[in-house]
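The values are calculated or read from the model by the stated rules, or taken from the named source; none is laboratory data. What you see is a predicted model, and the numbers here were worked out from it, not measured in a lab. Note that we place each Cβ from the backbone using ideal geometry, even for glycine, and neighbour counts take in every protein chain shown. Note: areas computed on protein heavy atoms with side chains; ligands, DNA, RNA excluded. Shrake-Rupley method; radii C 1.70, N 1.55, O 1.52, S 1.80 Å.
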Amino acid sequence: MIAKIGRGANIIGALSYNQLKVNQENGSVLSTYRIRESVNGEFTVNQLYSSFEPYLMANKRTEKPVLHISLNPNPKDSVSDENFKKIAQDYMELMGYGDQPYVVFKHTDIERTHIHIVSTCVDRYGKKLSDSYEKLRSMNACRALEQKYQLLPATEKNQNPKEVIFKPVDYKEANVKSQIASVIRHLPKYYQYQSLGAYNALLSLFNITAEQIAGELQGQSKQGLVYFALNEKGEKTTNPFKSSLFGKQAGMDSLQKHFEQSKEKMKIEPSKDILKNSIEVAMHTTNNETDFKKQLVDQGVNTIVRRNDQGRIYGMTFIDHESRTVWIGSQLSKNLSANVFNDLWKNEGIQKVQNEIQHTKTISSESSKNESKPETEKPHALFDFLNGNHSTHSNTDFGLITSLGSLLPITQGEDYEEQTFANQIKKRTKRNNQRGKK
């Protein structure tokens, strides 16, 4: 069973999202706790909200007092409504929210029947309940419930403690080529993506971009790929590096094969519905792009938003680090396409472009060092861990790190050019030995 914990400030949005499923006959209210009963057994958003209102009114300091939890058993599990109720109750008890008011919704709109729990993380006196080691505690709770209710265990990735980890490229260092090589040689082993756009979205988290080039050689059309390092603003800061410098796996032919393989694997990817569900919840429980991204990052998902010069969104890509898959929004659902998000954040996008233009016009090169930089897409906190930044998360209190362990092998200490030179020497020696035998 997989649990996703979302936090927000908009409980009306969380309740409305779930109630809409009920109204569309794709869901039902399974159970409630500390919620005012209805006369006919049916609930409305306003009625449910009235039970949470005293807790939210008492809250004084917590910015995101709303809990929106989804519990997702394996699709092969056959869980009765009665067991779903018990699982919800046990989970809330194990997480320390057993005395809080909450509503349990059952969703049946996708193949994976699952439940949502809407609650609050502040008590009746407005004090925030502890969320220390929340992701680790949630994982332990899921494992305990799997055993208690005889559910199929969630698939865990094999961990190799000997593996080391690579990090995002720093264009200011001298060995940029080696840094890029350490990333692109390994990404296809760990992530699934179906297009060059999705590949670039993933590369952007490592401050890299790839561009396809086309031309003719002796009358035949040829296609190639070049790589660039990016700065903090997402701008190219190096000359292009030919893909051939990094081996065949970095070229367009190998990538095309990976795209096709990923397409087949992602057709049956069980986490697709969970990701879609998490994104929809974030859309309904946040009020702006920044909060939307933050809520998904907390669940192990990076969001890459692409805008044109006028501020219009033309691309939405979601990188799920737990399933290691990269999705274009429209691949998940028509309701998650770029146009939908453009309408949702239209005014915000235009304002961003205007602010960036004004920022460029007004700041001088001397004062720019002290000014805040324009917002750029930051990697998931996973990559802070890769960089050795332990100030925010530790191995124990960051659920994604705990579950994935050493996700990506690091070659930051490995000199790629030196290794290439050594291979060339071996080949040359082998050729000379063969000639000597002749």
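Table: residues versus (1) of a type in the set (G, A, S); (2) in contact (Cβ under 8 Å) with a residue 60 or more places away in the chain; (3) over 20 Å from D99 (Cβ atoms).
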site	(1), (2), (3)
N26	no, yes, yes
T32	no, yes, no
E37	no, no, no
E42	no, no, yes
L56	no, yes, no
E63	no, no, yes
Of the conditions (1) closer than 28 Å to K294 by Cα; (2) open to solvent by less than 40 Å² (accessible area, probe 1.4 Å), the single one that Y49 does not satisfy is (2)
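Okay, residues lined up against (1) in contact with a Ser or Thr (Cβ under 7 Å, 6 or more places away or on another chain); (2) at pLDDT 85 or above; (3) open to solvent by less than 10 Å² (accessible area, probe 1.4 Å):
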{"position": "Y314", "(1), (2), (3)": "no, yes, no"}
{"position": "I319", "(1), (2), (3)": "no, yes, yes"}
{"position": "E366", "(1), (2), (3)": "no, no, no"}
{"position": "S372", "(1), (2), (3)": "no, no, no"}
{"position": "T376", "(1), (2), (3)": "no, no, no"}
{"position": "F385", "(1), (2), (3)": "no, no, no"}
Has region 244-255 got any residue that is surrounded by 18 or more Cβ atoms within 10 Å (Cβ to Cβ) and in contact with a helix residue (DSSP H, G or I) (Cβ under 6 Å, 6 or more places away or on another chain)?
yes
Need the failing condition index for F105 against (1) in contact with a Gly (Cβ under 6 Å, 6 or more places away or on another chain); (2) farther than 24 Å from K272 by Cβ, just the number.
(2)
Quick one: would you say G96 is in contact (Cβ under 8 Å) with a residue 60 or more places away in the chain and on the phi > 0 side of the Ramachandran plot?
no
Which numbered condition in (1) surrounded by 15 or more Cβ atoms within 10 Å (Cβ to Cβ); (2) under 24 Å from the mean Cα position of the chain (by Cα); (3) at pLDDT 90 or above is the only one that E235 fails?
(1)
Pairs only if they're at least six apart or on different chains, beta carbon under 6 angstrom, first in region 242-261 and in contact (Cβ under 8 Å) with a residue 24 or more places away in the chain, second open to solvent by 100 Å² or more (accessible area, probe 1.4 Å) and outside any helix (DSSP H, G or I); list them, first residue then second.
M252/Q223
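If a residue has to be in a helix (DSSP H, G or I), open to solvent by 10 Å² or more (accessible area, probe 1.4 Å) and either polar (S, T, N, Q) or over 25 Å from I117 (Cβ atoms) (or both) to count, how many in region 286-312 make the cut?
The first filter runs over region 286-312 and keeps only residues in a helix (DSSP H, G or I), leaving 289-297.
Then drop every residue that is not open to solvent by 10 Å² or more (accessible area, probe 1.4 Å), which leaves 290-291, 293-294, 297.
Among the residues that remain, those that are also either polar (S, T, N, Q) or over 25 Å from I117 (Cβ atoms) (or both) are: 290.
The qualifying residues number 1.
Out of the residues in region 143-176 that are hydroxyl-bearing (S, T, Y) and either at pLDDT below 95 or in contact with a strand residue (DSSP E or B) (Cβ under 6 Å, 6 or more places away or on another chain) (or both), state the one that is least open to solvent (accessible area, probe 1.4 Å).
Start the filter on region 143-176 by keeping residues that are hydroxyl-bearing (S, T, Y), which leaves 149, 155, 171.
Keeping just the survivors that are either at pLDDT below 95 or in contact with a strand residue (DSSP E or B) (Cβ under 6 Å, 6 or more places away or on another chain) (or both) gives 155, 171.
Working: T155: 131, Y171: 71 Å².
It comes out as Y171.
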Among the residues of region 260-285, how many are surrounded by fewer than 17 Cβ atoms within 10 Å (Cβ to Cβ) and farther than 20 Å from K334 by Cβ?
6
